[in-house]
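Below is one structure, written out as C-alpha cells, with a few remarks after it.
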Number of protein chains: 2
Amino acid sequence: MSDPALPYRPHDHDACVAQALADARSICKAHNARLTPIRERVLELIWQSHQPLGAYELLAALANDGRNAAPPTVYRALDFLQQYGLVHRIASLNAFIGCAHAGACHTSLFLICRHCRNTLEISSSTVSAAVTQTAQAHRFVAEEAIMEITGQCPGCSPEHETQPHD
Amino acid sequence: MSDPALPYRPHDHDACVAQALADARSICKAHNARLTPIRERVLELIWQSHQPLGAYELLAALANDGRNAAPPTVYRALDFLQQYGLVHRIASLNAFIGCAHAGACHTSLFLICRHCRNTLEISSSTVSAAVTQTAQAHRFVAEEAIMEITGQCPGCSPEHETQPHD
DNA sequence: CGGCGGATGTTATAATGTTGCAAACATTGA
DNA sequence: TCAATGTTTGCAACATTATAACATCCGCCG
C-alpha cells in the first residue's frame, strides 16, 4: 500500500489511527457522549486519510462497507465529531480532517498542500496571540478562528522537483 | 482612497461605494481588463452591503434589475473581480465582500460579526508575519491564506447589550 | 411493560457551484 | 468596410454540498 498518509513524514499510520480512536473513545466517555459505530467509523475513515475528506466521499466509503447511508447520516456524524472537537472542517475545501489535538483547547492553523492535498494542523501560539491582539485592537470579541494556508508542502515544493507525494 | 474603517462606524456609504467603483475602473484600466456593465454592477451590489453577499443573493439582485441572469453570469463576474483583487470570498460564509485594499498586495484577515454579519477586512502585518514564519518553520511554501475570525463586533458585543447594528 | 429520548433511516428538497455550447459583441488589421 | 479573432454573455443542463421533515428503532429508566 502506498503509504498514503504522511503529512510530510513517514509514520506508522495504523497506530496513529488507532491512537486517535482510543483518544476519541476516552473523550466521549468523559463527556457522557456515545461514540456509536457510525460515528466511530466516520472518524476512522477520516483519520485513515491525511487529506481532508468530503462528506460524499465518506458517504461512498460507508456504502462500500455495505452500510445503507444517506447524506444526513454522514452530516450528523460529522456534527457530532465536530462538537466534541474530534474533527475539523476545512472551509476552503468543504472537507473534514481529524483533529490532531483533540481534547485540548486550541486554535489551529492548517497548511494545505495544493498539490498532494496533505494537510497539517498546527497550533501556533505566535499566530494565535497575533490574531487575538489584532481583534482586540478593533474591540472585536473573537470566538472562532479559521486559518487555512494553501501552498506547497516540502515534498511537493519546486526546489525539489522530484516526485511529489501522492 | 475609500475610508477603510467602514463597518462599525457611520459613514457616507454612497460616496464609499462610488470611490470603490472609481478605484476598480482605474485598476482595470491599468491591467487592460474590461469592467463590463455586469461586472461593475456586481461589484456595486457587493459594495452596497458591508455584509458579505452570496452568489444567489447577487443573482436575485440582478434579476431585480430586470436582467436575465443565470448562475454562471454571477460566478464569472465574481471570478473576474477576485482575479483583479476587487472582491474577496469569505469561505466560511460562501459569500463575497468588496476588497478594502484593492490594488495593494495584501494578506487579509476578516472580522465577521456573527450577530450583524458586518465584516471588517484588516491587513495585519503582525499576523501575516506570524503565519509566514510558522509556514516557513514547516518548510511550507505559503501561497494563499484564509483567515476568518467570527465573533462579535463592538456594536453587538455583550457589554453593550444595546441595539446591535444592522 | 410502557414511555422517553437519542440515534438512525428515508425521502425529498434546498443551496451552492460547474460544464459545454452557441450567440452577441468588441478589437484588430487588411 | 469587412472578415478574422478573441472575449463576454445567454442559456440549459447538471454536479456537488447541505438540510428539512418525519418515521422508526433501540436502549434506558421507572
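Of everything in the stretch B:12-38 that is touching a residue at least 60 places away in the same chain (Cβ under 8 Å) and closer than 17 Å to B:Ile97 by Cα, the residue that is surrounded by the fewest Cβ atoms within 10 Å (Cβ to Cβ) is B:Asp23. Taking the stretch A:96-116 as the range and being surrounded by fewer than 19 Cβ atoms within 10 Å (Cβ to Cβ) and facing chain B (nearest Cβ under 9 Å) as the test, only A:Arg114 passes. Within the span defined as the stretch A:135-157, one or more residues are more than 7 Å from chain B (Cβ to nearest Cβ), assigned to a helix (DSSP H, G or I), surrounded by 15 or more Cβ atoms within 10 Å (Cβ to Cβ) and in contact with a strand residue (DSSP E or B) (Cβ under 9 Å, 6 or more places away or on another chain). Residue-level analysis places A:Ala77 among those that are within 12 Å of DNA strand D (Cβ to nearest atom) and either within 14 Å of another protein chain (Cβ to nearest Cβ) or in contact (Cβ under 8 Å) with a residue 12 or more places away in the chain (or both). Summed over the stretch A:117-131, the residues that are more than 9 Å from every other protein chain (Cβ to nearest Cβ) and either surrounded by fewer than 20 Cβ atoms within 10 Å (Cβ to Cβ) or not in a loop (DSSP other than H, G, I, E, B) (or both) give a count of 5.
For the stretch B:46-57, the set of residues classified as crowded, with 22+ Cβ neighbours inside 10 Å and within 15 Å of DNA strand C (Cβ to nearest atom) consists of B:Ile46, B:Pro52, B:Leu53, listed by residue number. Of all residues in the stretch A:20-36, none are modelled with pLDDT under 95, within 24 Å of A:Gly151 (Cβ to Cβ) and small (Gly, Ala, Ser). Residues that are of a type in the set (Ser, Thr, Tyr), away from DNA strand C (no atom under 11 Å from the Cβ) and not in a loop (DSSP other than H, G, I, E, B) within the stretch B:65-92 are absent altogether.
The values are calculated or read from the model by the stated rules, or taken from the named source; none is laboratory data. Note that the structure is predicted; figures quoted are calculated from it, not measured. Positions of Cβ are generated from backbone atoms using ideal geometry, with glycine treated the same way; all protein chains shown enter the neighbour counts.
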